[in-house]
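**Q** Pasting a structure below so you can have a look.
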Amino acid sequence: MNLLFSNDKQGQYPDSWYAATTPKLDAFPELTGEHRADVCVIGGGYTGLSAALHLAQLGRKVILLEAHRVGFGASGRNGGQMSSGQRVDQDTLEDSFGLDAAHALWDMGEAAKTLCRDLIKTHSIDCDLKNGVAEAEIQTRHLPAMQKYAEKLSRDYNYDQIECFEGDAFREMVKSPTYQGGMLDRGSAHLNPLAFTLGLARAAQLAGVTICENTEVTKVDQGNTAVVHSKHGNVRAENVVFGCNGYLGDISPKVAKRVMPINNFIVATAPLPDPSVILGQDIAVADSKFVVNYFRLSPDNRLLFGGRENYGYRFPRDIAAKVRVPMEQIFPQLAGIKIDYSWGGTLGITTNRMPAFLRISGNMLAAGGYSGQGVALAVLAGKLMADTIQGQDKSFNLMANLPQMGFPGGPRMRSPLLKMAMLWYVARDKLGL
Ligand SMILES: Cc1cc2nc3c(=O)[nH]c(=O)nc-3n(C[C@H](O)[C@H](O)[C@H](O)COP(=O)(O)OP(=O)(O)OC[C@H]3O[C@@H](n4cnc5c(N)ncnc54)[C@H](O)[C@@H]3O)c2cc1C
């Protein structure tokens with residue numbers, strides 16, 4: 001089974017609201033014949049496109065190979081939340097890696113958001129970028145810790161973009177009886193993820209990158225000159241960048257051991273006659289559940305609501321029915337609302353929820369496993385790989401050198417073991433622990 005093909009149609013975007021409403025690029029031709037490049041990039045999501053764009057800007061000859069269309073993967077279908085920091089909070093980072101590393105990792109998160117904003121501006125990418133992401137808390141007893149965390153970020157990390165709200169003050173912003181309070185991060189943002197990806201692809205093309213779509217990489221031979229194989233063509237390259245994330249399959253066992261695919265699902269409702277019954281401000285929201293619920297409004301007043309996940313190769317048959325359950329629990333006022341679009345996507349997670357930056361060999365780099373926080377970090381990862389190939393970067397090594405276990409079990413056992421572990425946490429969500 002190959003996740004690249006198990007839920008989607010070859011060479012097509014999923015039936016998402018993004019795909020239905022975002023102007024597409026003309027298709028790029030498939031790779032045929034023998035080619036040479038300084039760098040061959042595999043994967044046309046944020047990681048691969050950012051690496052390719054920055055390498056081309058550094059004067060490298062780059063060929064990017066994408067199995068379907070650019071933005072086919074998680075980058076073209078996600079929740080669009082561009083959050084601060086890392087997926088893991090600063091307290092945990094300080095405990096796990098020490099103060100200096102925790103500060104450097106926070107700074108990387110800030111650099112990632114700045115990079116995205118700069119790229120959007122420089123390349124005039126029209127992707128509905130708007131500031132403001134709230135974290136919604138379900139349990140009143142956790143609110144003091146949230147307040148303390150906001151104070152810590154302000155005091156120790158000089159980050160003063162967060163405001164905490166309790167009770168009705170929060171519910172004026174996020175109109176759900178489920179939430180007891182939360183914090184609004186005005187330095188985070190949300191955007192149309194597919195439009196952002198296609199804007200990066202256009203920028204990469206203009207910078208001179210050769211993009212090939214419908215070109216699945218089937219094998220990579222290591223060596224001083226690596227050979228990247230696809231069905232109808234090969235690329236010989238001095239360097240290879242892997243930006244395949246959850247869709248990697250078995251072209252690099254070293255990366256596969258560290259990055260586990262899981263699936264997550266989103267729906268778009270019919271346009272709401274009055275969107276202010278859901279959100280008092282045009283912000284994105286993610287909640288404190290282990291399987292996070294996340295949502296925001298589209299420019300045409302739909303609720304884009306993400307929640308639920310599964311851990312196999314197949315998406316559920318009826319994604320809309322599955323996601324409707326948490327959506328109506330959180331917003332009972334939407335009971336019975338029509339769902340116009342529903343789709344799933346595959347993302348990569350790691351054992352410690354920190355990105356996996358890997359040097360597969362001297363001339364092959366990989367980044368992935370952003371664990372649900374890749375909108376900004378994957379774009380930065382791509383740039384850091386470009387800088388590393390150019391011999392100019394230290395931040396790639398900072399992340400690559402963090403201790404990170406692989407998933408236990410061989411290729412056959414990893415997924416069932418993960419499923420067992422995740423179901424335990426899902427059960428804790430249900431019990432309100
Ligand atoms: C439903 C969902 C919601 C999410 N919400 C958010 C969010 O709100 N905020 C956030 O920060 N993150 C979110 N994420 C995570 C985020 O989308 C990812 O971390 C990010 O897009 C990773 O980018 P990438 O380029 O590494 O991977 P992808 O975008 O998945 O790109 C990988 C590409 O590689 C290609 N590929 C793979 N194997 C091969 C091969 N052998 N040959 C050729 N091409 C290949 C695939 O076709 C794919 O296009 C979400 C993810 C999902 C699925």
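**Q** Being away from the ligand (no atom under 16 Å from the Cβ) and of a type in the set (D, E) narrows it down to one of D274, D282, D287, so name that one.
**A** It is D274.
**Q** When the stretch 268-278 is examined, which residues are found to be out of contact with any Lys or Arg (no Cβ under 7 Å at 6 or more places or on another chain) and not in a loop (DSSP other than H, G, I, E, B)?
**A** P275, S276
Here's the yes/no breakdown for (1) in a strand (DSSP E or B); (2) within 28 Å of R302 (Cβ to Cβ):
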residue: G223; (1), (2): no, no
residue: A237; (1), (2): yes, no
residue: V241; (1), (2): yes, no
residue: D250; (1), (2): no, no
residue: K257; (1), (2): no, no
residue: I262; (1), (2): yes, yes
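**Q** If you don't mind, another one. Considering only the stretch 41-61, how many residues are touching a Lys or Arg at 6+ places or on another chain (Cβ under 8 Å) and within 12 Å of the ligand (Cβ to nearest atom)?
**A** 3
This table checks each residue for (1) surrounded by fewer than 18 Cβ atoms within 10 Å (Cβ to Cβ); (2) modelled with pLDDT of 95 or more; (3) farther than 30 Å from D38 by Cβ; (4) touching a Gly at 6+ places or on another chain (Cβ under 7 Å).
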{"position": "V325", "(1), (2), (3), (4)": "yes, yes, yes, no"}
{"position": "E328", "(1), (2), (3), (4)": "yes, yes, yes, no"}
{"position": "Y341", "(1), (2), (3), (4)": "no, yes, yes, no"}
{"position": "L347", "(1), (2), (3), (4)": "no, yes, no, yes"}
{"position": "L358", "(1), (2), (3), (4)": "no, yes, no, no"}
{"position": "M364", "(1), (2), (3), (4)": "no, yes, no, no"}
{"position": "G391", "(1), (2), (3), (4)": "yes, no, no, no"}
{"position": "K394", "(1), (2), (3), (4)": "yes, no, no, no"}
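**Q** Which of the residues that make up the stretch 266-286 are within 18 Å of the chain's Cα centre (by Cα) and within 15 Å of V323 (Cα to Cα)?
**A** The answer is I266, V267, A286.
**Q** Further question: Quick check: anything in the stretch 315-327 within 16 Å of the ligand (Cβ to nearest atom), part of a strand (DSSP E or B), over 23 Å from L191 (Cα atoms) and touching a residue at least 60 places away in the same chain (Cβ under 8 Å)?
**A** No, the conditions are met nowhere in the stretch 315-327.
**Q** Any idea which residue in the stretch 10-31 is surrounded by the fewest Cβ atoms within 10 Å (Cβ to Cβ), counting only those that are closer than 23 Å to D250 by Cα and more than 21 Å from the chain's Cα centre (by Cα)?
**A** Here the residue is Q10.
**Q** Do you know which of the residues in the stretch 212-232 that are away from the ligand (no atom under 11 Å from the Cβ) and of a type outside the set (S, T, Y) is nearest to R69 (Cα to Cα)?
**A** Among those that are away from the ligand (no atom under 11 Å from the Cβ) and of a type outside the set (S, T, Y), it is H232.
**Q** When you check A195 against the structure, is it closer than 20 Å to D387 by Cα, surrounded by 20 or more Cβ atoms within 10 Å (Cβ to Cβ), among the small types (G, A, S) and more than 9 Å from the ligand (Cβ to nearest atom), yes or no?
**A** So A195 fails the test.
**Q** Another question, then. If you go through the stretch 289-307, how many residues are part of a loop (DSSP other than H, G, I, E, B), in contact (Cβ under 8 Å) with a residue 40 or more places away in the chain and more than 17 Å from K322 (Cβ to Cβ)?
**A** Final tally of qualifying residues: 4.
**Q** Look at R353 and say whether it is under 18 Å from the mean Cα position of the chain (by Cα) and surrounded by fewer than 19 Cβ atoms within 10 Å (Cβ to Cβ).
**A** For R353, the condition - under 18 Å from the mean Cα position of the chain (by Cα) and surrounded by fewer than 19 Cβ atoms within 10 Å (Cβ to Cβ) - is met.
**Q** Determine which single condition R236 fails, assuming it passes every other condition in (1) within 15 Å of the ligand (Cβ to nearest atom); (2) at negative phi.
**A** Evaluating R236 over (1) within 15 Å of the ligand (Cβ to nearest atom); (2) at negative phi leaves (1) as the failure.
**Q** Still on this structure, please answer the following. List the number of the failed condition for L184; all other conditions in (1) away from the ligand (no atom under 14 Å from the Cβ); (2) under 29 Å from E163 (Cα atoms); (3) in contact with a Leu (Cβ under 9 Å, 6 or more places away or on another chain) hold.
**A** (3)
**Q** Just to be sure I understand, how many residues within the stretch 153-200 are free of Cβ contacts under 8 Å to residues at least 24 places away in the same chain and closer than 22 Å to R302 by Cβ?
**A** 1
Residue-wise test of (1) in contact with a helix residue (DSSP H, G or I) (Cβ under 7 Å, 6 or more places away or on another chain); (2) within 14 Å of the ligand (Cβ to nearest atom); (3) not charged (D, E, K, R).
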| site | (1), (2), (3) |
| --- | --- |
| F5 | no, yes, yes |
| A19 | yes, yes, yes |
| L31 | no, yes, yes |
| H35 | no, no, yes |
| D38 | no, no, no |
| A67 | no, yes, yes |
| N78 | yes, yes, yes |
| S83 | no, yes, yes |
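**Q** While we're on this one: Looking at the stretch 37-51, I want the residues that are over 13 Å from I211 (Cβ atoms) and have a partner that is within 6 Å of the ligand (Cβ to nearest atom) and not hydrophobic (A, V, I, L, M, F, W, C) with Cβ atoms under 6 Å, at least 6 apart or on another chain. Which pairs are those?
**A** Y46/S75; T47/G243
The values are calculated or read from the model by the stated rules, or taken from the named source; none is laboratory data. Predicted model, so just to flag it, every value in this text is computed and none were measured. Glycine gets a Cβ as well: all are built from the backbone with ideal geometry, and neighbour counts include every protein chain shown.
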